[in-house]
Amino acid sequence: MTVEIWSDVVCPFCYMGKRRFEHALKDFEHRDQVQVTWRSFQLDPSAHYVPGRSVYEYLAESKGITLEASRRAHDRLAAAAAELGLSYQFETAVLANTFDAHRLTHLARAGGLQERMEERLFAAYFTEGRNIGEHQTLAELAAEAGLDPAEAREMLAGSAFSDDVRSDEREAVELGADGVPFFVFDRSMSVAGAHPSELFLEVLRTVWEEHGAAAPAAPAAPAVTP
């Protein structure tokens, strides 16, 4: 079975969705026959690093809410993440464009290290306050995930995997995604959102019963919405 996950590494629901899906996968009887592929999706392609700008200010400006409302929203997210063992440190989070981080995940996929790269990027942004739009930081994170940092720097200096990122984003829209996380199971069923692990486990079992180890290239079904 193939599970494709569209996400952005600065999306708080994506990190929580990742963890919830992982918990479901641990309980899935055929987990050793599941191949997970991460796909790229930028929530805000225009985002860029502004020294001193906080995530609280960013959300307040983009959603037209007060700074206090933004802080409360982030506090709720941090509390929900903590229940999954994740530490969201929004006070130190550094806003940046994620396009190059997505290119890096494609490089990691080519080397069989995509899962480790995704996890490293999530932790770097949400917990460690690192600038994941900066090439030097990305090269360091690549090394920490097991990639060759020199190869990562060379890739980041050029345009490699740019088309792959854009292709992923186009495909997400074609499959019906209007946000992330977006999970597609064997191109036969999709789930939109960071749902409880129980729902992911139910979907895994349902798709397995219908298709077994085979993965037909059929269009994705309408998403299960929150």
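The values are calculated or read from the model by the stated rules, or taken from the named source; none is laboratory data. Values in this document were obtained by computation on a predicted structure and should not be read as measured data. Please note: Cβ atoms are built from the backbone with ideal geometry, for glycine as well, and neighbour counts cover all protein chains shown. Keep in mind that these areas ignore ligands, DNA and RNA; they rest on the heavy atoms of the full protein, side chains included. Shrake-Rupley method; radii C 1.70, N 1.55, O 1.52, S 1.80 Å.
Residue ranking by accessible heavy-atom surface, 1.4 Å probe, largest first, among Tyr49, Tyr15 comes out as Tyr49, Tyr15. Between Glu198 and Asn131, the modelled labels are 4.5 nm apart [label points 7 Å from Cα along Cα→Cβ]. To the nearest ten degrees, helix 99-110 and the longest principal axis of the Cα atoms of the chain are 40 degrees apart.
For the stretch 1-117, the carbon plus sulfur part of the accessible surface works out to 51%, probe radius 1.4 Å. The separation of the stretch 149-214 from the stretch 53-94, counted between C-alpha centres, amounts to 25 Å. Residues whose amide H falls under 5 Å from that of Thr2, counting only those 5 or more places apart or on a different chain, are Gln35, Asp186, with hydrogens built in the peptide plane. Against the chain, whose longest principal axis is taken from its Cα atoms, helix 162-174 shows a tilt of about 60°.
With respect to the chain, whose longest principal axis is taken over its alpha-carbon atoms, helix 12-26 is tilted by about 30°. Count Lys and Arg as plus one, Asp and Glu as minus one, and take only other residues whose Cβ is under 15 Å from that of Leu147; the net charge is then -4.
The largest accessible area among Val180, Val173, Val50 belongs to the first residue in Val173, Val50, Val180, and the rest follow in falling order (1.4 Å probe, all chains). In this simple spin-label model, placing a label point 7 Å from the Cα along the Cα-to-Cβ direction at both Glu119 and Glu154 gives a separation of 2.8 nm. Solvent exposure of the stretch 102-200 amounts to 41 Å² per residue of accessible area, where only protein heavy atoms count and the probe is 1.4 Å. In the chain, Cα pairs under 8 Å separated by at least six residues give a relative contact order of 29 percent. Between Met189 and Ala221, the built amide H atoms are under 5 Å apart, and every one of these is 5 or more places off in sequence or on another chain. Within the full protein context, the accessible area of Asp27 is estimated at about 100 Å² for a probe radius of 1.4 Å. Protection proxy ranking, highest mean first, for peptides 99-107, 201-209, 75-83: 99-107, 201-209, 75-83, where packing is the per-residue count of other beta-carbon atoms within 10 Å, averaged. Computed over protein heavy atoms with a 1.4 Å probe, the accessible surface of the stretch 1-58 works out to 44 Å² per residue.
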